[in-house]
Amino acid sequence: MVLQKIFRAVIMGPPGSGKGTVSGRIIKTFGLKHLSSGDILRANINAKTDLGLLLKSCIDQGQLVPDDVMSRLILSDLRAMDQSSWLLDGFPRTVSQAEALDAVYSLDTVINLDVPFQTIQQRLTSRWTHLPSGRVYNTDFNPPKVPGFDNMTGEPLVQRDDDTPHTVTLRLKAYETQTEPVLEFYRSKGVLETFSGTETNKIWPHIEAFLHRKLPSVNQKAA
Ligand code: G5P
Ligand code: MG
């Protein structure tokens with residue numbers, strides 16, 4: 001049996017930059033496990049717990065969830081996948097979260113999607129999400145086969161409450177002030193890889209080629 005190195009990666013980028021879309025392609029091609037902070041938060045909200053109510057009020061106002069709550073949720077999920085290669089989407093989003101992650105795991109790479117803010121607003125208002133899986137569609141870019149329903153399960157799609165133009169503007173502001181400094185944190189560690197563009201289909205081949213170089217072929221699909 002070939003011993004396989006565990007591969008740990010983060011995908012970053014402003015709201016609507018395509019983190020969920022690109023993560024779906026990475027998982028399909030390279031077999032990493034995917035953990036999305038937003039999907040975890042929305043699952044808690046759906047469960048209507050007390051914590052879910054607090055989370056919903058932050059998210060609907062375009063604000064970040066407090067660092068201690070967020071780091072606790074993510075790190076406990078990561079502990080359950082200690083032996084797997086993974087891709088974290090949407091975490092860390094503040095320097096304090098990056099430090100909490102860094103204290104436990106060292107990352108092989110951080111993929112940064114650099115998409116202009118002007119491109120983003122339009123995308124988010126036409127996004128449809130399958131909440132249980134986190135699969136995303138867009139009425140222009142990748143419409144579902146049957147409008148309003150998930151391709152894989154046939155279950156209904158919803159529009160996220162935080163995808164209104166006003167809340168998207170607040171989310172972009174939070175990104176600028178709180179998340180951009182995280183890019184510098186990873187740049188200084190030498191693990192940041194930035195991919196710039198306005199179309200996911202043009203950015204993706206560069207990410208795919210990069211990961212093929214980064215992940216030895218024995219690891220692929222085997223994580
Ligand atoms: P989330 O859920 O992490 P965001 O705001 O970071 O939310 P989001 O909105 O999920 O990011 P994305 O995943 O980067 O965006 O993008 P996506 O869903 O793949 O693509 C967006 C849309 O564009 C889709 O409809 C897609 O089909 C379409 N699209 C993709 N590519 C193209 C293209 O090339 N062309 C076109 N036309 N369309 C395209 O976090 C939500 C909230 O949770 C809290 C915060 O409150 C946050 O606001 N939160 C945290 N709080 C604290 N700390 C953390 N770590 C937190 N993580 C989440
Ligand atoms: Mg997402």
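The values are calculated or read from the model by the stated rules, or taken from the named source; none is laboratory data. Only a predicted model underlies this, so the values are computations on that prediction, with no experimental measurement involved. Please note: Cβ atoms are built from the backbone with ideal geometry, for glycine as well, and neighbour counts cover all protein chains shown. Side chains are part of the model used for accessible areas, which takes the heavy atoms of the whole protein and leaves out ligands, DNA and RNA. Shrake-Rupley method; radii C 1.70, N 1.55, O 1.52, S 1.80 Å.
Only one of the listed residues (Gln159, Gln178, Gln97, Gln122) is polar (S, T, N, Q) and closer than 19 Å to Ile203 by Cα. That residue is Gln122. If Lys145 satisfies all but one of (1) open to solvent by less than 30 Å² (accessible area, probe 1.4 Å); (2) charged (D, E, K, R); (3) away from ligand 2 (no atom under 16 Å from the Cβ), what's the number of the condition it fails? Condition not satisfied by Lys145: (1). With respect to (1) among the charged types (D, E, K, R); (2) closer than 21 Å to Arg160 by Cα; (3) in contact (Cβ under 8 Å) with a residue 40 or more places away in the chain, the lone exception for Asp50 is condition (3).
Test each condition in (1) charged (D, E, K, R); (2) part of a helix (DSSP H, G or I); (3) more than 8 Å from ligand 1 (Cβ to nearest atom); (4) farther than 24 Å from Glu184 by Cα for Asp39 and report the one that comes out false. For Asp39, the exception is condition (3).
Residue count for the range 95-137 satisfying the condition of being open to solvent by 10 Å² or more (accessible area, probe 1.4 Å), modelled with pLDDT of 95 or more, within 13 Å of ligand 1 (Cβ to nearest atom) and among the β-branched types (Val, Ile, Thr): 2.
With the structure loaded, tell me whether Asp163 is assigned to a loop (DSSP other than H, G, I, E, B), touching a Ser or Thr at 6+ places or on another chain (Cβ under 9 Å) and within 16 Å of ligand 2 (Cβ to nearest atom) or whether it fails that test. Before you say what the answer is, go through the steps one by one.
On the way: assigned to a loop (DSSP other than H, G, I, E, B): yes; touching a Ser or Thr at 6+ places or on another chain (Cβ under 9 Å): yes; within 16 Å of ligand 2 (Cβ to nearest atom): yes.
Here the answer is yes, as Asp163 does meet what is asked.
Here is the figure for the range 72-85: residues that are more than 16 Å from ligand 2 (Cβ to nearest atom) and either part of a loop (DSSP other than H, G, I, E, B) or open to solvent by less than 30 Å² (accessible area, probe 1.4 Å) (or both) total 8. Would you please list the contacts, defined by Cβ atoms under 7 Å and residues six or more apart or on different chains, that run from a residue in the range 7-22 that is free of Cβ contacts under 8 Å to residues at least 60 places away in the same chain to a residue that is open to solvent by 10 Å² or more (accessible area, probe 1.4 Å)? So the pair list comes out empty. Among residues belonging to the range 185-200 that are touching a helix residue (DSSP H, G or I) at 6+ places or on another chain (Cβ under 8 Å) and near ligand 1 (Cβ under 9 Å from one of its atoms), point out the one that is least open to solvent (accessible area, probe 1.4 Å). Among residues in the range 185-200 that are touching a helix residue (DSSP H, G or I) at 6+ places or on another chain (Cβ under 8 Å) and near ligand 1 (Cβ under 9 Å from one of its atoms), the one least open to solvent (accessible area, probe 1.4 Å) is Thr200.
Looking at the range 64-94, which of its residues are of a type in the set (Asp, Glu) and either more than 11 Å from ligand 1 (Cβ to nearest atom) or touching a Phe, Trp or Tyr at 6+ places or on another chain (Cβ under 9 Å) (or both)? Reasoning before the result, please.
We begin by selecting, within the range 64-94, every residue of a type in the set (Asp, Glu); these are 67-68, 77, 82, 89.
Within the range 64-94, Asp77, Asp82 qualify.
Here is a check on your reading of the model: is Val182 open to solvent by less than 40 Å² (accessible area, probe 1.4 Å), in a helix (DSSP H, G or I) and of a type in the set (A, V, I, L, M)? Steps first, answer last, please.
Values: open to solvent by less than 40 Å² (accessible area, probe 1.4 Å): yes; in a helix (DSSP H, G or I): yes; of a type in the set (A, V, I, L, M): yes.
So Val182 fits the description; yes.
Is it the case that the range 153-165 has a residue that's in contact (Cβ under 8 Å) with a residue 40 or more places away in the chain, loosely packed, with under 13 Cβ neighbours inside 10 Å and over 18 Å from the mean Cα position of the chain (by Cα)? Taking every residue of the range 153-165 in turn, at least one turns out to be in contact (Cβ under 8 Å) with a residue 40 or more places away in the chain, loosely packed, with under 13 Cβ neighbours inside 10 Å and over 18 Å from the mean Cα position of the chain (by Cα). Here Ile11 fulfils each of the conditions (1) assigned to a helix (DSSP H, G or I); (2) under 12 Å from the mean Cα position of the chain (by Cα) apart from (1). When we screen Ile45, Ile27 for residues that are surrounded by fewer than 18 Cβ atoms within 10 Å (Cβ to Cβ) and in contact with a Lys or Arg (Cβ under 9 Å, 6 or more places away or on another chain), the only hit is Ile27.
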